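Some notes on the structure that comes next.
The values are calculated or read from the model by the stated rules, or taken from the named source; none is laboratory data. On a predicted model such as this, the values are computed, not experimentally measured, just so you know. Virtual Cβ from ideal backbone geometry, glycine too; neighbours counted across all protein chains shown. Heads up: the accessible areas ignore ligands, DNA and RNA and are worked out on the full protein's heavy atoms, side chains in. Shrake-Rupley method; radii C 1.70, N 1.55, O 1.52, S 1.80 Å.
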Amino acid sequence: MAIDHATGRPHRVPAVLRAPLEGRTWREFLYLMTSLPIAAVAFALAVTLTAAGVGTLVTFVGVPLLAATLAAARGLGVLERARARGLLRLEIAEPEPVRVRRRRDGRGPGPMAWVGALFKSGTSWRHLLYAVVHFPWALFTFVLSLVLWSVGWTTFLYPLWQWTLPTFAHQPGIQIYGETGGRHFYVDSPFTIGITCALGLLLVLGTPWVIRGLAHVDRLLVRGLLGPSRLAERVWELEEDRGVVVDTASADLRRIERDLHDGAQARLVSLAMELGLAKELVERDPEKAARMVDEAHGEVKLALQELRDLARGIHPAILTDRGLGPALASLAGRCTVPVATEVDLDSRPAPAIEGIAYFTVSELLQNVSKHSRARSAQVDVWRSGDRLMLRVGDDGRGGAGTTSGSGLAGLAERLGSVDGLLVVDSPVGGPTTVTAELPWRARG
């Protein structure tokens, strides 16, 4: 049974009966109807201006004219993407802009720099190609959809308007064929009217699916020729990921600096002061100096422990020496909740991926300790094809999510920066299961 995406409830009316009256059908039909006039104007301008520009390349007019043609094609793309968003519900990103290099003297780019950038932009040429290719397709879809839609509704509703033919056209019904001074055949009997109405109903029910198929081709054209290229999308993704990595590294450096300043550094400063006082008291009050040295010895141990914890937070030695299994087992042993770990890996991943996996589990276990009120937890690690899979579950109160500003949201961003993924399943009342995916990269 079909599901209504707006309400989440099952539809009572089958899709084939709903389609002729659905808003989607009429939006897509309107898109096909408006495509022809826009495509005709765009085609005429593109062909005329391109031919004129190519024909005048030997003069100073040709190059600017071709550049203006490309700029006009990009303007057409803005209109077409807006139509696609409004009528086809196609969410498409803006393509990469024209990149113009600044002059060496620091001044803004000149007119010829813009012309050169337009010629070098593959996006501009794809927009021009769309203006040329879209016109024959728009003509075909306009004629086909309009004929099917109008004929379907006209014949389906024929019993309602059949009376107008004898009244105004002086004939009993639609004429199927006729001979001058001979036989004629009209759709005027109840049987022929019923057959016509039934055929019209089939057309009415089938035309929406034809319209959807035609509109889908338009979506492919808009996405393929007017949207950003795959290379540009990948570059943007890498730029965003680089920003996340830089922010994460900066936050980690601030955390390390804060831990050193508030912890080990402050303790070592106090230790130096105590040792200085003890040095002054060695001859005057040896017993008090000995007590101060003994206290300083304890401070040294605490400082060393803090430095070990800090180093473990940067990159634990057990992870480097023995791998992910023993490192996660040691991590689980320090959790306030009993944690069972199972690591099923036949080889070790690259150090970078291994480190990300370790700190992902570490942060998830910290969430379990602080927020879950769980009695037990489970950590599973395995390899699935070219992905490293992590799963951390607990029997706590649930309600966790990747809402903006939460720790899990930041963790999801970190994983996304290396093509990873974080999925949280945490209904209120529990249990909670967090699954993370990382790309598998073998050790070099």
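At-a-glance table
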{"item": "Selection count where residues are closer than 28 Å to residue 441 by Cα, of a type outside the set (S, T, N, Q) and open to solvent by 10 Å² or more (accessible area, probe 1.4 Å), scope segment 391-402", "result": "2"}
{"item": "Flag if residue 411 is in contact with a strand residue (DSSP E or B) (Cβ under 9 Å, 6 or more places away or on another chain), in a strand (DSSP E or B) and either within 20 Å of residue 326 (Cα to Cα) or touching a residue at least 24 places away in the same chain (Cβ under 8 Å) (or both)", "result": "no"}
{"item": "Pick from segment 138-157, criterion closer than 30 Å to residue 94 by Cα and touching a helix residue (DSSP H, G or I) at 6+ places or on another chain (Cβ under 7 Å), ranking: most open to solvent (accessible area, probe 1.4 Å)", "result": "139"}
{"item": "Segment 373-385, subset more than 30 Å from the chain's Cα centre (by Cα) and either at negative phi or aromatic (Phe, Trp, Tyr) (or both), residue most open to solvent (accessible area, probe 1.4 Å)", "result": "375"}
{"item": "Check on residue 52, open to solvent by less than 70 Å² (accessible area, probe 1.4 Å) and touching a His at 6+ places or on another chain (Cβ under 6 Å)", "result": "no"}
{"item": "Residue that is modelled with the highest pLDDT [pool: residues in segment 188-246 that are within 25 Å of residue 97 (Cα to Cα) and not in a helix (DSSP H, G or I)]", "result": "227"}
{"item": "Selected residue [surrounded by fewer than 20 Cβ atoms within 10 Å (Cβ to Cβ) and not hydroxyl-bearing (Ser, Thr, Tyr)] from 365, 388, 345", "result": "345"}
{"item": "Odd one out for residue 329, checked against (1) more than 24 Å from the chain's Cα centre (by Cα); (2) open to solvent by 70 Å² or more (accessible area, probe 1.4 Å); (3) at pLDDT 80 or above", "result": "(2)"}
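For every residue, the table says whether it meets (1) at pLDDT below 90; (2) under 24 Å from residue 220 (Cβ atoms).
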position: 4; (1), (2): yes, no
position: 23; (1), (2): yes, yes
position: 35; (1), (2): no, yes
position: 100; (1), (2): yes, no
position: 115; (1), (2): yes, no
